[in-house]
Amino acid sequence: MKTEQIRNFCIIAHIDHGKSTLADRLLERTRTIRESEMKDQVLDDMDLERERGITIKAHAVTMKYTAKDRQTYTLNLIDTPGHVDFAYEVSRSLAACEGAILVVDASQGVEAQTISNLYQAIEHDLTIIPVLNKIDLPGAEIDKAKHQVMELIGCDESEILLASAKNGMGIEDILEAIVERIPPPKGHADAPLRALIFDSMYDAYRGAVAYIRVMDGEIRPGMQIQFFTTGKVFEVDEVGILRLRREPVDRLGVGEVGYCIAGIKDVKDTRVGDTITDAKNPAPEPLPGYRDVKPMVYAGMFPTNNEEFEELRNALDKLSLNDASLVYEPETSVALGFGFRVGFLGLLHMEIVQERLEREYNLDILTTVPNVEYLVHKTNGDVVAVDNPAELPSRGIIDYIEEPYISAQIITPSEYIGNIMKLAQDRRGIYKNTSYVDPTRVDLTYEFPLAEIIFDFYDKLKSMTRGYASFDYEFIGYRKSDVVKLDILINGEPVDALSHIVHRDKAYEWGRKICEKLRELIPRQLFEVAIQAAIGSRVIARETIRPLRKNVTAKCYGGDITRKRKLLEKQKEGKKRMKQLGRVEIPQEAFLAVLKVE
Amino acid sequence: MSRSQQPIKGAMQTAALYIHIPFCEKRCNYCDFYTVANRKEAIPRYVQALEREMALYASDPFWSRQTFATVFFGGGTPSLLDPEDIDRILDAVRSNVRLIPEPEITLEANPGTTTAAHLAGYRAAGINRLSLGAQSFWDDELEQLDRLHRSADIVRTVEEARAAGFDNINLDLMFALPGQRPSRWKANLENALALQPQHLSCYNLTLEEGTPLYKLFMAGRVRALTEWRERVLFNFTIDFLETHGLVHYEISNYALPGYECRHNIKYWDGSVYLGLGASAHSYDGQTRFWNVSNYVHYCERLEKGRRAVDARETLTPEQQRFEMIFLGLRRKRGVDLQQFRRGFQQDFLQAYARPVERLLQHDPPLVEIREDHLRLTREGRLLCDAVCAEFA
C-alpha cells in the first residue's frame, strides 16, 4: 500500500460531546460496517463502558474511503480512552497518528479534558481538524464555540467544520478534510522494523494481540520480532488490519495500522508504548515516549467471604489478561484476612475493576480506602515506596516522606472561581495560573498532592459548579511532605485496614471525623466499643459506642415464633457480612468510613 | 407436609390447641395482632367456621392422633363471644379430638366486656383459666392505650370471676408506656398483686410498625422511654414480683409455683400445637403453617369444606435447633442440653463454643450453665434478643 494514501487519525472529545457517534457515522459512510451490524457506538464494546458513556480501552479500525479526487484512501481511526486515568494510553494513541479530529459540543464549548488531550495532540505535532458537533441542537452557540476553538488552536474560522453526527450532517466534509489536511505517514520502508504498540488485548485462543502502528520497515508472518522493553523474541503468526473483526494480511508496512499475533501469552509482554523490531535486524533505537505505566492509586481488595480468596485471585488473573495496567499482590490484613493490594491508574479504573469483579465474576468484595504511593526516605539513606499504610516504617527510622503531586487543570464558568479556590485550599492546592478560555470561562491551573484529589474531589468540584467545571490532571513528581500515619483502634487494637496516611495539619480533624463516622456505622452490640484515632502512640480522638442495655422482645407465642426466628436469622445474615475484630462486629461499610467523611 | 417421620422434638407427649377470636369492640392503638373491630354480627358465622375446621382436623391422620393438654382462646377479644358460643366450640373440640383428663382451658377477656353471668357461663362451659387484659390501673394510662375499660372494671371483673369459680387468673399488664414513671408502674404492680392473681404477664410496650401508636411516635408526638428507663422498669418488675412469690418463668411471665401457663409453655418447649381460626398458627413438629388472616376468607374457605391454610414452612434441622435455643433461653429453666444432645446428636457446648464463651466473657456474664441447662443470667434476660442472635 502506498503510504500517500494512508491517513491515521484519532478523535479528541470530552465525554458526551459525540465522539462515539461520530465514529459510528464514519464507519457507516465508508461502508466499513452496515447499519444492521451496528450496535450503537461500535468502538466501545464493553457493556460497562457503554453504561458509563466513556471509552475505556483504545481500539482501532481501518476504513476505505474514495475521496472526491477519485483516489481510495485507507483511513485508520485510532480510538482514545476518554478519561484522565488513562492519560498515558491516550498519549500512545496520539503518537500513532498524524492527525486528530477535535470534536467540540456546540452548546457546551471546550472542556478541560478536551484541552489537555488537545495540548498533547499539538505536542505530538498532529494536524487538528476542528469540528463543532450538535449544531442542530437548540442550545448550540456556534459563534461562541467557534471563537473558543479559534483561540485554542489558532485556526481560521473557515477551517472549522460544522456537524451533527447524530443526524449524519457534515460527515462527508470531515472525511474530505481527513484526506486533504492530514499528512500521509512518513517513515523508512528500508529501515529495520519499528512498530509502536498503542494497545493490546487478550484473545483466549491466540494469546496477547498487539495493536500496532508501523513506523519503519515492515512486519510479516514468520518474522522473528523482538520487544524493546523486555527483550523477548517471538515469531509472528499473523498480522492484519482491524475492521469489524480482525482481517489477516500478508504484511503491514510503513504507516499502516493493524494487529500482530505472535504466540505471546501475557499482555504484560505487549506493553503499550513499547516498540517491536526485527529480531534479526534490530533498529538501534526504540521509538520515543515509552513509559512504564505505574499505578497511581492503591487499595486493598478482600473477599467478603474469606473462602473466596482463590476465586478473587482467578478473577484478577483473568482481568489482568486484558488490562496490563492492573497490578496486584497478595496482602494479609489482620482485620480482613487474605486479599490483594491492587494498583490502579486512578479511581475510575478502580471502580471499573471492582464492578467487573462483582458483575462478571460474581464476587462480593470489600475495597479498602484507596491511597497513593509514598516515597519514604529512611535515616540510613534507603528509599522505599509504600503503597500500603500498614507498611509504613516506624517513625524512628523515617527521615522524611515524599508524596506524589499532580498539576490540575480546571475549566469553570468564572462565577465559581471563589468556590473552587476554597476547595483547592482545603485540599492543599497550590495556585499556579488563571487564563480565560472565553469571556465567561476560566482555565485554572493548580498543583495538588494526588492524595487530596483521589477521594471525592471531582464530585465536590462538579456539585459546587453545578456540573459545569471540568477537570484534568497529570502527574508531576514527588515532593517532600509532612504526612503521618493515622491509625484507628477498636477497643485498643489497631485496625490495619483503617489506617491511612494524612497530612499532619489535617490529622486531628480527620481523626475526629472518622471516629464519629465509625460510631454511626458500627451498630450497638453486647460489648462496649471504643473507637480511637492515634498518631503513633498518641490518641487524638475517641468515640464510644455504648453497649446494649436492654434488648428483648416482649411477646413470643405460637404465632410469633416464625417471625421472631426470621428476624434473628436476618440479623445473622447481617452479621455474616460483618468482620469480627476481637469481640466487636464491624460492618463492611465501616471500612470505607474514611471516604464518607465530609 | 412430611409426616412420615416422627417429629424430632417430640419430647412433650401432649399437644396444645389455640383458637383465635379476632373480634374486638375497638382496635387498640398499640395492637398489631389480627383483629377486627366492630363486627360482632359476624360471630355466629365465624363460630360455625371454627366448628367445621375442628371437624376437618378430626379426620387428619396426624392431628387426630394427638392428645391435647391445653386449649387457649386468644384474640382479639374472645370474651365478646357468649358462653353459648364458647360451649359450642368446646363441644366441637371434645367431640373431635382427645383431651387429657384435666386440660388447662384459658379464655382471654377484657375487663368491662363481661358480666357476672357471662363469667359464670364460661366457667360452666369448661373454661378454667381466665386471662384479663388489665394493662394498667391508671385510667389516664388506659386512655393513652385506647382501652375501653377503666381501672374499676378490672377490680370488678376479678371479683366476679372469683365468684364465678375461677381460681386461676392472669392479668396482662403493660409497662414502659410513654412518659411512665417508675412510681406509676410500681403502683400498677401493687394494685395487681392486691387482687391476688395466680399469674401476671408484664409486657414492655413495643412500638410495632404500622400501629397508630407507632405513627404517633414517628411523628414525634409520643416519646418512647429510653433504654435505661425500660431497663430499670424491667429489673424492678422481676425483683418486686419475685419478692412477692411470683416466679419469673419466662421473659414476660410471672406465676405462683404451679400456675405457669401450661399452654404457652408448649410453644416454648417444642410441643406440637394446632391453631384454629383466622391467622392462627400451627406446628406439627416439623412444619409450621398458618391460616389466612382475613376472617371472611377464612369463613368462606371452610364453608366450601376446605382448610384455610395460607402458608407453611418446613423447618430445617438448623432452624429447629435454633428455635429450641431461642425459645429455651426465654424460659427460666433454659435450654435443656441433654434434650439438645438427644434431638440433634451433637454436644451443645461444642457446637456453640464461641458464642457461649463470648456471652460468658461479658461483664456481668449473660448466660450460665448449670445442671445441664444453659440459662440467661439476670443481665442476660435484659439482653435476651442480642443473646439469642449470637446463636443464630
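Couple of notes before you dig in:
- Dividing the alpha-carbon radius of gyration of the protein assembly as shown by the rule-of-thumb value 2.2 N^0.38 Å gives 1.28.
- Cross-link pairs A:LYS64/A:LYS294; A:LYS422/A:LYS517; A:LYS134/A:LYS268; A:LYS564/A:LYS596 - those with Cα-Cα distance over 29 Å: A:LYS64/A:LYS294; A:LYS134/A:LYS268; A:LYS564/A:LYS596
- Angle in degrees between helix A:309-321 and the longest Cα principal axis of chain A, rounded to the nearest 10: 20 degrees
- Region B:15-268, accessible surface, carbon-and-sulfur percent (1.4 angstrom probe): 50 percent
- Furthest towards positive pole of dipole, B:THR114, B:VAL367, B:PRO212, structure part chain B, Cβ charges: B:VAL367
- Charge dipole (debye, nearest 20) of the protein assembly as shown; +1 at Cβ of Lys and Arg, -1 at Cβ of Asp and Glu: 3280 debye
- Degrees between helix A:417-426 axis and first principal axis of chain A (Cα, 0 to 90, nearest 10): 50 degrees
- Accessible area, probe 1.4 Å, largest first, for residues A:ILE212, B:ILE265: B:ILE265, A:ILE212
- Surface accessible to a 1.4 Å probe, B:PHE62 within the full protein complex, Å²: 20 Å²
- For the pair B:GLU242 and A:GLU516, label points projected 7 Å from Cα toward Cβ lie 4.3 nm apart.
- Relative contact order (percent, whole number), chain A, Cα cutoff 8 Å, 6+ residue spacing: 10 percent
- Residue-normalised accessible area of the protein assembly as shown, expressed per residue, 1.4 Å probe, Å²: 41 Å²
- About the Cα centre, charge dipole magnitude for chain B (Lys/Arg +1, Asp/Glu -1 at Cβ), debye: 540 debye
- Length added when fully stretched, B:ASP310-B:GLU102, from 0.36 nm per residue minus Cα-Cα: 71.6 nm
- The solvent-accessible area of A:LYS485, taken with every protein chain present and a 1.4 Å probe, is close to 50 Å².
- Value of Rg to Rh for region B:334-389 (Rh from inverse mean 1/r over Cα pairs, i.e. Kirkwood): 0.97
- Hypothetical label at A:ASP156: residues of region A:173-207 whose amide nitrogen lies under 15 Å (7 Å Cα-Cβ projection): A:181
- Accessible surface for B:ASP153 stands near 40 Å², nearest 10, in the context of the full protein assembly shown (1.4 Å probe).
- Exposed GluC sites (Glu not before Pro) absent: longest stretch of chain B, with sites in DSSP loops and at most 11 other Cβ within 10 Å deemed exposed: B:1-208
- Region A:140-201 versus region B:118-168: alpha-carbon centroid distance in Å: 92 Å
- Within-13-Å neighbourhood charge of B:LEU382 [Cβ basis; K, R +1; D, E -1]: +2
- Leading residue at positive end of dipole, region A:197-332 (Cβ point charges), from A:ILE197, A:PRO330, A:TYR298: A:ILE197
- Shape category assigned to chain B from the gyration tensor of Cα positions, a/c cut at 1.5: oblate
- Farthest toward the positive end of the dipole of chain A, out of A:PRO494, A:GLN226, A:THR30, is the Cα of A:PRO494, where the dipole comes from beta carbon charges about the Cα centre.
- When both bridge partners sit in the protein assembly as shown, DSSP labels roughly 70% of those beta bridges antiparallel.
- Approximating the spin labels as points 7 Å out from Cα along Cα→Cβ, the B:LEU216-to-A:ARG245 distance works out to 7.4 nm.
The values are calculated or read from the model by the stated rules, or taken from the named source; none is laboratory data. All values derive from a computational prediction rather than experimental measurement. Virtual Cβ from ideal backbone geometry, glycine too; neighbours counted across all protein chains shown. Just so you know, the surface numbers come from the protein's heavy atoms only, side chains and all, with ligands and any DNA or RNA stripped out. Shrake-Rupley method; radii C 1.70, N 1.55, O 1.52, S 1.80 Å.
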